[in-house]
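What follows is a set of notes on a single structure, which appears directly below.
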Amino acid sequence: MTQALFLADAHLSAPDAPAYQRFLQLLAQQHGRLDTLVLLGDIFEFITGYPKTWRAEHQPALEALAALAAAGTRIIWVEGNHDFALAPFHQRYGFTLLPDGGPLTCGEVPLHLSHGDTLDPQDHGYRWWRALLRSVPTRLALRWAPRSLIRAISHRLVDGSRRRRKTGGSPLPKALLQEHARRQWRAGAAVVVCGHFHHPWDWEEDGRQLYVLGAWCDGAPCLVLENGRCRWAPYPVASVAPSA
Ligand SMILES: [Mn+2]
């Protein structure tokens, strides 16, 4: 029996914020009891795998994730638009990084994972920006630029996204999501999971499922995969049983 737990868009920043505390409590609750934790992007308000972008506020959550991994949980991290260039976390903590998502089999269930920020093929401006953030020059800058410059840029990124969230974000692009799900189902996935849009939604067609995770920071439920079936699981996730 394999259990997987999926969550997205925690946007963790201040450790004393309720969403951050719930995140730590969830990881403590699952310690030694969970086979796979799938993080579907934007877990932090801003982080990369490069130490210059790490701050004290990242430490409690990173340490809790590392402790969960040390207790035997496989941690899969799909990068979002707020957490990227995470590759160094593999060596440091043993997390499995899927920068752009992709297929993953959990138990017997073929899944397709993505953050969800690249579903719109017409959004050329965003795609350009995303490619820039993940480019070799950006990686070099993350390694070599002065910490003060990196901090200034990260503040701008974070402020911009907070402003966008305050205006309520954009409505769920259901047609794009359905097109994405059908494409991945045709490619062999039974369950398609993404985040990014901050509104939870699920849709089923011919026995295959699409789950769009809501934002953990807004109290959205996580998704649980148990005995080959997915279900929404509001926090606290009480019924994820110990692994056989
Ligand atoms: Mn996002």
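The values are calculated or read from the model by the stated rules, or taken from the named source; none is laboratory data. Nothing here was measured: the structure is a model prediction, and the numbers come from that model. Glycine gets a Cβ as well: all are built from the backbone with ideal geometry, and neighbour counts include every protein chain shown.
What are the residues in segment 70-93 that are within 24 Å of GLY219 (Cα to Cα), of a type in the set (A, V, I, L, M, F, W, C) and either more than 15 Å from the ligand (Cβ to nearest atom) or modelled with pLDDT under 95 (or both), if any?
Scanning segment 70-93 gives ILE75, ILE76, PHE84.
One line per residue, one yes/no per condition, for (1) farther than 18 Å from GLY195 by Cα; (2) small (Gly, Ala, Ser):
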site: ALA14; (1), (2): yes, yes
site: GLN25; (1), (2): yes, no
site: GLN30; (1), (2): yes, no
site: ARG33; (1), (2): yes, no
site: LEU37; (1), (2): no, no
site: LYS52; (1), (2): yes, no
site: ALA61; (1), (2): yes, yes
site: ALA64; (1), (2): yes, yes
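In segment 1-16, what residues are within 15 Å of the ligand (Cβ to nearest atom) and touching a Leu at 6+ places or on another chain (Cβ under 9 Å)?
PHE6, LEU7, ALA8, ASP9, ALA10
Could you identify the single residue in ARG127, ARG55, ARG74, ARG134 that is of a type in the set (D, E, K, R) and either over 22 Å from SER161 (Cβ atoms) or touching a residue at least 60 places away in the same chain (Cβ under 8 Å) (or both)?
ARG74
Scan SER239, SER161, SER170 and give me the residue that is away from the ligand (no atom under 16 Å from the Cβ) and at pLDDT below 85.
Answer to the selection: SER239.
For segment 145-165, state whether one or more residues are in contact with a Leu (Cβ under 8 Å, 6 or more places away or on another chain) and within 26 Å of TRP216 (Cα to Cα).
No.
Quick one: which residue in LEU133, LEU113, LEU97, LEU104 is within 16 Å of the ligand (Cβ to nearest atom), within 29 Å of ARG231 (Cα to Cα) and among the hydrophobic types (A, V, I, L, M, F, W, C)? Full working, then the answer.
Details: LEU133 fails: within 29 Å of ARG231 (Cα to Cα); LEU97 fails: within 16 Å of the ligand (Cβ to nearest atom); LEU104 fails: within 16 Å of the ligand (Cβ to nearest atom).
Answer to the check: LEU113.
Among the residues that make up segment 24-45, is at least one of them in contact with a Cys (Cβ under 9 Å, 6 or more places away or on another chain) and hydroxyl-bearing (Ser, Thr, Tyr)?
Within segment 24-45, one or more residues are in contact with a Cys (Cβ under 9 Å, 6 or more places away or on another chain) and hydroxyl-bearing (Ser, Thr, Tyr).
For LEU142, work out the one condition from (1) more than 16 Å from the ligand (Cβ to nearest atom); (2) hydrophobic (A, V, I, L, M, F, W, C); (3) over 22 Å from TRP216 (Cα atoms); (4) at pLDDT 90 or above it doesn't fulfil.
Result: LEU142 passes all but (4).
Given (1) assigned to a helix (DSSP H, G or I); (2) more than 16 Å from the ligand (Cβ to nearest atom), where does ALA19 come up short, assuming only one miss?
Tallying (1) assigned to a helix (DSSP H, G or I); (2) more than 16 Å from the ligand (Cβ to nearest atom), ALA19 fails exactly one: (2).
Within segment 37-69, work out how many residues are surrounded by 19 or more Cβ atoms within 10 Å (Cβ to Cβ), among the polar types (S, T, N, Q) and more than 16 Å from the ligand (Cβ to nearest atom).
The total comes to 1.
Give segment 186-195 a look and list any residue that's part of a loop (DSSP other than H, G, I, E, B) and buried (at least 24 other Cβ atoms within 10 Å of the Cβ), or say none.
Hit for segment 186-195 is GLY195, nothing else.
Step by step: first the residues of segment 28-61, then only those that are assigned to a strand (DSSP E or B) and of a type in the set (Val, Ile, Thr), then the one that is farthest from LEU98 (Cα to Cα). Which residue is that?
Out of the qualifying residues, it is ILE47.
Any chance segment 66-77 includes a residue that's within 20 Å of HIS196 (Cβ to Cβ), outside any strand (DSSP E or B), under 19 Å from the mean Cα position of the chain (by Cα) and not charged (D, E, K, R)? Don't jump to the end; show me each part of the working.
Looking only at segment 66-77, we keep the residues that are within 20 Å of HIS196 (Cβ to Cβ), and these are 75-77.
If we keep only those that are outside any strand (DSSP E or B) as well, we get none.
No, segment 66-77 contains no residue that is within 20 Å of HIS196 (Cβ to Cβ), outside any strand (DSSP E or B), under 19 Å from the mean Cα position of the chain (by Cα) and not charged (D, E, K, R).
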